[in-house]
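Everything on this sheet refers to the single structure shown next.
The values are calculated or read from the model by the stated rules, or taken from the named source; none is laboratory data. Small disclaimer: the values here were computed from a predicted structure and weren't measured. Neighbour counts run over all protein chains shown; Cβ positions are idealised from the backbone, glycine included. Note: areas computed on protein heavy atoms with side chains; ligands, DNA, RNA excluded. Shrake-Rupley method; radii C 1.70, N 1.55, O 1.52, S 1.80 Å.
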Amino acid sequence: VDGATEIPAMEPVVQVASGAAFGVALTEGGRVVTWGSNRDGQQRIPEWVTAARVIAIAAGDEHAVALTEDGKVFAWGGAGEGQVAVPDDLGIATGIVAGAQATAALTDRGFRAWGRLRAEVPPEALGIALGHDATLWLEEA
């Protein structure tokens, strides 16, 4: 395929995410692999991520996010809107999502979102989706 990037052989991949010009993959063993643009540091995976077992990944336009098996969230890459500034008081996360310039996590304290959001997400939200120009969440009826 014209313009494709070949990824070296590795253990089986269980999840992939795509930013605007980069990709990130999660292997069966919990290792994070990136490729593509490194303009905003998307390929410079932080040491605290490489030292941990990662269970989920997400990608925004220019940033990547990882969730470790002990519930910690790490983000790196483009930081222009605060999307990689994981709150110190986040709590223990069980899920992550990334939008163009925002990041969110489901935690033991409810949903938390940071970066460039189009709306304030209530902590009692049951689910969330972040887009380029939209923030959506699910609430109990």
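Residues of segment 29-42 that are crowded, with 17+ Cβ neighbours inside 10 Å and of a type in the set (A, V, I, L, M, F, W, C): Val32, Val33.
The rows are residues; the columns are (1) open to solvent by 10 Å² or more (accessible area, probe 1.4 Å); (2) more than 13 Å from the chain's Cα centre (by Cα).
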{"position": "Pro12", "(1), (2)": "yes, yes"}
{"position": "Gln15", "(1), (2)": "yes, no"}
{"position": "Thr27", "(1), (2)": "no, yes"}
{"position": "Arg44", "(1), (2)": "yes, yes"}
{"position": "Glu47", "(1), (2)": "yes, yes"}
{"position": "Val54", "(1), (2)": "no, no"}
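Yes/no matrix, rows are residues, columns are (1) within 21 Å of Gly127 (Cβ to Cβ); (2) in contact with a Pro (Cβ under 9 Å, 6 or more places away or on another chain); (3) without any contact (Cβ under 8 Å) to a residue 24 or more places away in the chain:
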residue	(1), (2), (3)
Gly19	no, no, no
Glu28	no, yes, yes
Thr34	no, no, no
Asp40	no, no, no
Gly82	no, no, no
Ile92	yes, no, yes
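Quick check: is even one residue across segment 100-107 in contact (Cβ under 8 Å) with a residue 12 or more places away in the chain and surrounded by fewer than 16 Cβ atoms within 10 Å (Cβ to Cβ)? No, the conditions are met nowhere in segment 100-107. Among the conditions (1) touching a Phe, Trp or Tyr at 6+ places or on another chain (Cβ under 9 Å); (2) closer than 28 Å to Asp108 by Cβ, Gly30 misses just one, which is (1). How do the pairs read when you match residues in segment 45-66 that are free of Cβ contacts under 8 Å to residues at least 60 places away in the same chain and within 14 Å of Gly29 (Cα to Cα) with residues anywhere that are small (Gly, Ala, Ser) and open to solvent by less than 10 Å² (accessible area, probe 1.4 Å), using Cβ under 6 Å and keeping only pairs 6 or more apart or on different chains? Here the result reads Val49/Ala66; Arg53/Gly30; Val54/Gly30; Val54/Ala66; Ile57/Ala66, each pair linking segment 45-66 to a residue that is small (Gly, Ala, Ser) and open to solvent by less than 10 Å² (accessible area, probe 1.4 Å).
Scanning segment 18-41 for residues that are in contact with a Ser or Thr (Cβ under 6 Å, 6 or more places away or on another chain) and under 22 Å from Gly115 (Cβ atoms) gives Ala21, Phe22, Val24.
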